1. Could you list the residues of segment 264-304 with an amide nitrogen less than 17 Å from a label point located 7 Å from the Cα of residue 191 in the Cα-to-C-beta direction?
2. What's the longest piece of the chain with no exposed GluC sites (Glu not before Pro), counting a site as exposed if DSSP puts it in a loop and it has at most 12 other beta carbons within 10 Å?
3. Which value in nm describes the separation of the simple spin-label points at residue 248 and residue 180, placed 7 Å from the Cα toward the beta carbon?
4. Quick one: net charge around residue 56, please, counting Lys, Arg +1 and Asp, Glu -1 for every other residue with C-beta under 11 Å from its C-beta.
5. Quick check for you: which residues of segment 222-265 have the amide N under 14 Å from the point 7 Å beyond the Cα of residue 274 toward its beta carbon?
6. Please compute the length gained on full extension between residue 130 and residue 144, using 0.36 nm multiplied by the number of residues separating them and subtracting their Cα-Cα distance.
7. Could you please state, rounded to a whole Å, how far the C-alpha centre of segment 99-131 is from the C-alpha centre of segment 292-336?
8. Would you mind ranking 118, 244 by Cβ crowding within 10 Å, fewest neighbours first?
Amino acid sequence: MKLLQVIAGSRYGGAEEFFVRLASAICYRNIEQKIIMRPNVVRKKKLELSGLSPIEMGFYNNWDLITKWRVSSIINTYKPDVLFSWMSRATKLIPLQYKGVHVGRLGGYYNLKYFRRCHYLVANTKDIADHLVANGWPARNIQYIPNFASTNEAFPVNRNTLNTPEGAKIILGAGRFHENKAFDVLLDALAQVPDVYLWLAGDGPLGSALKIKSSELGVGERVRFLGWRTDIDALMLSADILVCPSRHEPLGNIILEAWSRGLPVVAADSVGPRNLINNGKDGILFPVDNVELLSKTIKELLSVPELCRKIGESGKLTYFDNFSEKVVVDQYIDFFREITN
């Protein structure tokens, strides 16, 4: 089977990171594949380490005729059995005359007009799959396949490098600094939990506002703004809990990553976390934007080590039973084989 994957993607993002993991994992299954992607030095290096030779293109805008022509040329030359396009920007560049099996991959509630050329859609949450059916896509042409996290060898971060005292309790938050991610709620909760440190890995349009807010709340000395990190696994091995406070979260890749490392998860009861977490067993949910319940949950977890340990262990079991690399890659390969046969 010949697979062609096409992705534009942002400089940083959960979907982009998962794309690299999936392409690398498929490579190790001895399936022939080509990759077309937007230039990214880190992403390219990771793919090359897996034995892939990604082809980089601009994906500048809707009128980028050069990229569209180059994509079309590679499709005509390579003749893939399956063309797998990620998100809207890559999908809408696939030429109408392509006669093979075209699969679009969605990790959010995108405008479906860009996916009309696809024969099948892959949704990474059940809620997105239901959304596709509700908007007219036949259920037989939709496949739900979740993401998996990285389980590469990692070692805890040295706290001294992040100006954090040994023995201090650490909350980890990670993601784009955007209103949807609700890190403002996490800062408000931190103000009610004394002596605990917060590591925030990420960046975005609200970066400056969050730093100002942390100072105004009087917690600035306990917050570390880490920027975008490539060592999230190492941060997780040093933290005590992960908090995902998102107001809107279709999936929650960060939850899967925390589970894979046995890190206890506290998450807002938005769509993605709600569909992942068995509340009170492999994670704890709190109502969206509820600062009081979030701070209370953090205090309870950090003051009862046995509860923290049990939730972390249950999360790890949930991950390896349902979201491990083997489980997810098997689903992708079975799906590709089924639709090409």
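Here, each number is a calculation from the coordinates, and none is a lab measurement. Keep in mind it's a predicted model, so treat the numbers as computed, not measured. All Cβ positions, glycine included, derive from the backbone under ideal geometry; neighbour counts span all protein chains shown.
1. Zone members listed by number: 289-296.
2. 167-341
3. Between residue 248 and residue 180, the label points sit 0.6 nm apart.
4. On the way: positive: 38, 43, 44, 70; negative: none.
That sum, taken over residues with Cβ under 11 Å, equals +4.
5. Answer for segment 222-265: 246-251.
6. 4.1 nm
7. Each part's Cα centre sits 27 Å from the other's.
8. 118, 244
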